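The values are calculated or read from the model by the stated rules, or taken from the named source; none is laboratory data. From a predicted model like this one, the values you see are computed outputs, not experimental measurements. As a convention, Cβ positions derive from the backbone with ideal geometry for all residues, glycine included, and neighbour counts pool all protein chains shown. These area figures cover heavy atoms from the full protein model, side chains too; ligands, DNA and RNA do not enter into them. Shrake-Rupley method; radii C 1.70, N 1.55, O 1.52, S 1.80 Å.
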Amino acid sequence: MIARADLDYALPPELIAQEPCTPRDAARLLVLERASGALTELRFADLADAARPEDLFVVNDTRVLPAKLRGAKRSGGKAEALLLSRRPDGDWTALVKARGRLTPGLELVFGELVARVVDVLPGGACRLALLAPDGVAPDVLLDALGEAPLPPYIRREAPRARDLADYQTIFARAPGAVAAPTASLHFSEALAARLRIARVTLHVGPGTFRPIRGERVEEHVLDAERFAVPDETARALAETRARGGRAIAVGTTVVRALETTGGAAGEGETKLLVLPGHAFRALDSLITNFHLPGSSLLALVMAFAGVEATRRAYAHAIERRFRFYSYGDALWIQ
């Protein structure tokens, strides 16, 4: 079983990428061969040439919401809200940052958009009702006023208009995430056109950034995240592997969706925590970014590549000045 200390490593802060590559597929790509342990450096744009014709790349088509709102309490004082998910009744589950106690009926003002606290939920979240002037849909105002929910290690003195576009993958079409499936950020339209692509959906929540705190890694609990594996993707996976092709998961969110169903079609919520010792059922290869120390994402990578092989790949990436985290470079584990 993996130890909590296995998930630690020292990263020079200047290697935390603050901007995406331009063009996107100019990012570097470190290839790790599990059988031999060999490490090879490529550019992400080389992916199509390095892949086999029968390979299938499975991407996450979730779309990041403009989920961060900045404003003030109606009664005065700054307030911020991070919308996490829309509830069946149309209200939102959200995290609210404001001075003072949050109580039902409290109103937060974000320009023309008003968020009323309906309930305070266990764990610190709130239920918010979004209200707009007559004749205006709240979603229209959310699109206009909301900001990209960038992770805290991407530093901005002020929000930028292009941040949401930068933080969106070319595959994004199903709104619902508050964090990007970052391995897919490296794909350009031209590169994707040269590959066999299949899609799943997993709406990434804020828990993706939550570190594993306890010494017993297996006791870490992930937030439930909504996912769907379509019938056509399940069929494509089965046909690809039957022909000897590789099912290549693009990102840890794709791994969690596919491993939840075993590659079969299905939808629902998943809290799957993938740790070393996991018997993978639905994939043969993984493309992923370089993840935060202490994270469940790094534990998943170690489950697929091996603990020591992963640590060696990360040490190589640091020595060779690869860029880390959401806007950083990529690791292809074969």
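For E215, are the conditions met, namely being more than 26 Å from A94 (Cβ to Cβ), open to solvent by 60 Å² or more (accessible area, probe 1.4 Å) and at pLDDT below 95?
yes
Counting only residues that are out of contact with any helix residue (DSSP H, G or I) (no Cβ under 6 Å at 6 or more places or on another chain) and hydroxyl-bearing (S, T, Y), which one in the stretch 157-206 is surrounded by the most Cβ atoms within 10 Å (Cβ to Cβ)?
Only one residue tops the list, namely T182.
For E319, all conditions in the list (1) within 22 Å of R34 (Cβ to Cβ); (2) touching a residue at least 12 places away in the same chain (Cβ under 8 Å) hold save one; what is the number of the exception?
(2)
Let's see how each residue does on (1) farther than 21 Å from R199 by Cα; (2) open to solvent by 10 Å² or more (accessible area, probe 1.4 Å); (3) modelled with pLDDT of 95 or more; (4) not hydrophobic (A, V, I, L, M, F, W, C):
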| position | (1), (2), (3), (4) |
| --- | --- |
| A238 | no, yes, yes, no |
| T260 | no, yes, yes, yes |
| S285 | no, no, yes, yes |
| P293 | yes, yes, yes, yes |
| L331 | no, no, yes, no |
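Restricting attention to the stretch 39-78, report how many residues are hydroxyl-bearing (S, T, Y) and either at pLDDT below 95 or surrounded by 21 or more Cβ atoms within 10 Å (Cβ to Cβ) (or both).
The number of residues fulfilling the criteria is 2.
In the stretch 120-156, what count of residues is obtained for those that are open to solvent by 60 Å² or more (accessible area, probe 1.4 Å), small (G, A, S) and over 18 Å from T93 (Cα atoms)?
Qualifying residue count, the stretch 120-156: 2.
Only one of (1) under 21 Å from the mean Cα position of the chain (by Cα); (2) free of Cβ contacts under 8 Å to residues at least 60 places away in the same chain fails for I287. Which number is that?
Failed condition: (2).
Suppose we keep only residues that are within 19 Å of L331 (Cα to Cα) and free of Cβ contacts under 8 Å to residues at least 60 places away in the same chain within the stretch 262-281. Which one would you say is most open to solvent (accessible area, probe 1.4 Å)?
Only one residue tops the list, namely F280.
Out of the strands (runs of 3 or more DSSP E) lying entirely within the stretch 221-323, which hold 1 or more residues that are under 23 Å from A5 (Cα atoms)?
Counting at least 1 such residues, we get 285-289.
Taking interchain pairs and intrachain pairs at least six residues apart, which have beta carbon atoms under 7 angstrom, with the first residue in the stretch 87-109 and touching a residue at least 40 places away in the same chain (Cβ under 8 Å) and the second surrounded by 15 or more Cβ atoms within 10 Å (Cβ to Cβ) and outside any strand (DSSP E or B)?
L95/A125
Go through the stretch 1-89 and tell me which strands (runs of 3 or more DSSP E), entirely inside it, have 2 or more residues that are touching a strand residue (DSSP E or B) at 6+ places or on another chain (Cβ under 6 Å) and of a type in the set (V, I, T).
Those strands (runs of 3 or more DSSP E) span 56-60, 62-64.
Taking the options V109, V117, name whichever one is surrounded by fewer than 17 Cβ atoms within 10 Å (Cβ to Cβ), within 21 Å of L145 (Cβ to Cβ) and in contact with a Gly (Cβ under 8 Å, 6 or more places away or on another chain).
Result of the check over V109, V117: V109.
Can you tell me which of (1) without any contact (Cβ under 8 Å) to a residue 60 or more places away in the chain; (2) within 21 Å of V274 (Cβ to Cβ); (3) open to solvent by 60 Å² or more (accessible area, probe 1.4 Å); (4) not β-branched (V, I, T) is the one A228 doesn't meet?
The single condition A228 does not satisfy is (3).
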